[in-house]
Amino acid sequence: MRRHICLRLLLVLMVVATASGRATTPPSVEPPDWDSDIRLREAEDINPDPKIVEINLQAAVTEVDVAGEKVQAWTYNGGIPGPLIRANAGDRLIVHFTNQLPSPTTVHWHGIRLPIAMDGVPGISQDEVETGQSFTYDFTLPDAGLFWYHPHVESATQVGFGLSGPLLVEDPGEQIGVTDQLVLVLNDIEIDKGALVRPNMGGTAGMAFGREGNIVLVNGKKNASISARAGAPQRWRIVNTAKSRYFNINLRGTSTVLTKIGSDGGLLEYPKQFDTLVLAPGERADVIVAPKGKPGTTIQVVSELYNRGFGSVEFREAEDLFRIALNNQPVLAATPLPKIRRTIEPLSAEGATPVKFELTITQDSPDGKYEYRVNGKPFWKAKPILGKIGETQIWTVNNTTAWSHPIHLHGFFFLVLDKAGQPVRPLEWKDTVNVPFNQSLQFLVRYDDREGEWMVHCHILDHAEGGLMTTVKIGNGPDKGHMHHP
Ligand code: C2O
Ligand code: CU
C-alpha cells in the first residue's frame, strides 16, 4: 500500500517536472560515495547571485602529498590540481587572484571566449602579477564545456610545478541521460628525492622532446580507485593539463567502448565511439563509459603508449591512471541513451583567407641549441599573423619536425578539415589540435569582434618556450607590430 502511494507520488512529481519544462535527471546508478577517493575539491562560490560565480584563488608554494611523498609544490588554493570551478553557461565568473609564489605569474583561462583583457597573457592583456600582488579576472562564460586555467608566465615551469585546474561550465538544459559524472584532470609531475626537478633538465634536447614528469596523477592521486556498478554508465569530463605528456586512455582487459560526446568546445555534432582515446596536452573530452566486467573484479584504467614522435615509445611502458572496483551488484543492463545531437553550422572555406603555419626545428646556432620556429622565426623574433573582425581563415599547419605538436589558439574555436578539405565529422569545436609529426593539417576559424593580440602556440609547453609560439592580431586598425615579451 505504502509503496503504491510512493509510486503515484513519484509519477505526479515526474509529470510536474516535465510540464515545467525542466530536464529530468535520472537517479544515480552508482554505489554511494563511489567517487570519494578521486573527487576534486571545489572552489567556494562566495556570491549569492545564482548567475555569478565569485571565488578566491591563491597561488602559493605549499606542501602537498604526491604519491605518498611530501613535496613543496606550486599550488592553487593549496592543492594539485587547483580547485574545480563550476558554473553554468552564461554566468559571470569573478576570480580574486593573489600571487604568493616566489615568481610573477598570471592566470590564463584556456578555451574561454573572453575579452583579450582577461586572457592572462603578460604584455598583451595585463601586467605580470608580482609576488604579493592581486588581480581580478571578471568575464562571462559563453560556452558550456570543460575548460581549464593555468599560468602564462614561464608556463613550462609553473604548470610543471603543479599549477593547473579545471573549470566546468554546464548547460542546465542539456539532456545526456547520465547522472554520475567525474571530472578527471590528467597530469604529471617530475619529482626526485622528494623535491621538484629543475625545469631545464636535459638542456635544449629535453626541450626539443618535451619534458614529461615521472609521476602520473589523476586528480592529484596516483592510481586511486573508484567503485562502480558493472555496466552502469558514467560521464567522464577529462582534461589533459600535463605540460608535455599525451594520454591514450584504455580500460585494460575489457572491451569497454568510450563514447565521446564532446570535446574542447562542448558537445559534438553526434557521438563517436573509441576503444582508446588520445588526449594531447590542453585537449578535453566528454565521454560516456559503461565499464564492462564481472561484478567484484577491478578494472585498471591505463594510458597506453602513444607515438608522439622520436623517443616517445621506445623502452617505455603504459602508465596506470586509476582503478574501477566493480561492486557485487549484478551487471546493469544497458539502456539506450537519449540521442545526443548538436546543430553546428560549419564554417565555409569559400573566400577564406589562407594562412600558413610552418613548424620547424633548427640546431644551426653556434652553440648547437635546438630552437623551434613558426614560419621561420622563433617566438622572440616573430611578427603577428593578422586577422580582421568577421574574417574566416583557413590555416595550413605543416609539421616537418620529428615530434607531434598540439596547436592551441587562444580565444577562438576552430573546425578541423580532413584531407579532402571538408570539415571532419562529427563536427567538433576545437581550441587545441594535435598535428602529428611529418604531417599537415588544416582548420577553419572565424574571428568575431574581440580585437586584440591572441596567442597561438604548441601546448607542449617546453616547445612553446623553445620558440613554437606566435600571435594572431585581430582588429581593423593598422599593424603596430609586437608589443610584448615571452
Ligand atoms: Cu592553455 Cu596559451 O594556453
Ligand atoms: Cu610542440
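The values are calculated or read from the model by the stated rules, or taken from the named source; none is laboratory data. Computed from a prediction, not measured in an experiment: that's the story for all the values here. FYI the Cβ positions are ideal-geometry reconstructions off the backbone, even for glycines, and counts take in every protein chain you see.
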Exercise for review: Residue by residue through region 375-417, note down the ones that are part of a strand (DSSP E or B) and farther than 30 Å from D143 by Cα.
Suggested key: K377, N399, W403
Check your understanding: Residues in region 268-286 that are in a strand (DSSP E or B), surrounded by fewer than 24 Cβ atoms within 10 Å (Cβ to Cβ) and either hydroxyl-bearing (S, T, Y) or within 18 Å of the chain's Cα centre (by Cα) (or both): how many?
Key -> 4
Exercise for review: Run down V185, V178 and say which single residue is over 27 Å from E319 (Cα atoms), in contact with a Pro (Cβ under 8 Å, 6 or more places away or on another chain) and either away from ligand 2 (no atom under 16 Å from the Cβ) or in contact (Cβ under 8 Å) with a residue 40 or more places away in the chain (or both).
Suggested key: V178
Point to revise | Criterion (touching a residue at least 12 places away in the same chain (Cβ under 8 Å) and touching a Leu at 6+ places or on another chain (Cβ under 6 Å)) met by exactly one of D91, D119, D143 | key: D91
Exercise for review: Go through region 142-200 and give me each residue that's within 16 Å of ligand 1 (Cβ to nearest atom), outside any strand (DSSP E or B) and over 18 Å from T105 (Cβ atoms).
Suggested key: D143
Revision key, fill the gap. With criteria (1) touching a residue at least 40 places away in the same chain (Cβ under 8 Å); (2) in a loop (DSSP other than H, G, I, E, B); (3) within 18 Å of L186 (Cα to Cα), F322 comes up short on (2)
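Quick test for you: out of S155, S134, S103, S164, pick the one residue that is within 16 Å of ligand 2 (Cβ to nearest atom), more than 13 Å from H410 (Cα to Cα) and modelled with pLDDT of 95 or more. Before the answer, list the steps.
On the way: S134 fails: within 16 Å of ligand 2 (Cβ to nearest atom); S103 fails: within 16 Å of ligand 2 (Cβ to nearest atom); S164 fails: within 16 Å of ligand 2 (Cβ to nearest atom).
Of the residues listed, the single one that is within 16 Å of ligand 2 (Cβ to nearest atom), more than 13 Å from H410 (Cα to Cα) and modelled with pLDDT of 95 or more is S155.
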Exercise for review: Output the number of residues of region 201-239 satisfying the condition of being on the phi > 0 side of the Ramachandran plot and either more than 16 Å from ligand 1 (Cβ to nearest atom) or touching a strand residue (DSSP E or B) at 6+ places or on another chain (Cβ under 6 Å) (or both).
Suggested key: 6
Exercise for review: Just give me the residues in region 223-232 being part of a loop (DSSP other than H, G, I, E, B) and crowded, with 18+ Cβ neighbours inside 10 Å, in sequence order.
Suggested key: R229, A230, G231, A232
Study note, to complete from the structure: Checking K377, K419, K381, K388 in turn, the sole residue that is among the basic types (K, R), within 16 Å of ligand 2 (Cβ to nearest atom) and surrounded by fewer than 23 Cβ atoms within 10 Å (Cβ to Cβ) turns out to be K377
Practice item. State whether one or more residues within region 358-372 are under 23 Å from N434 (Cβ atoms), free of Cβ contacts under 8 Å to residues at least 24 places away in the same chain and away from ligand 2 (no atom under 13 Å from the Cβ). Key: yes
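Could you list all residues from region 111-128 that are modelled with pLDDT under 95 and surrounded by fewer than 18 Cβ atoms within 10 Å (Cβ to Cβ)?
Within region 111-128, just G123 meets the criteria.
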Check your understanding: Which of the following residues is in contact (Cβ under 8 Å) with a residue 12 or more places away in the chain, within 14 Å of ligand 1 (Cβ to nearest atom) and in contact with a Cys (Cβ under 7 Å, 6 or more places away or on another chain): H463, H459, H405?
Key -> H405
Exercise for review: Within region 307-317, identify whether any single residue is farther than 23 Å from A402 by Cα and either small (G, A, S) or in contact (Cβ under 8 Å) with a residue 12 or more places away in the chain (or both), and answer yes or no.
Suggested key: no
Review point. For region 425-472, which residues satisfy the criterion of being more than 15 Å from ligand 2 (Cβ to nearest atom) and not in a strand (DSSP E or B)?
Key: R425, P426, L427, E428, W429, D431, Y447, D448, D449, R450, E451
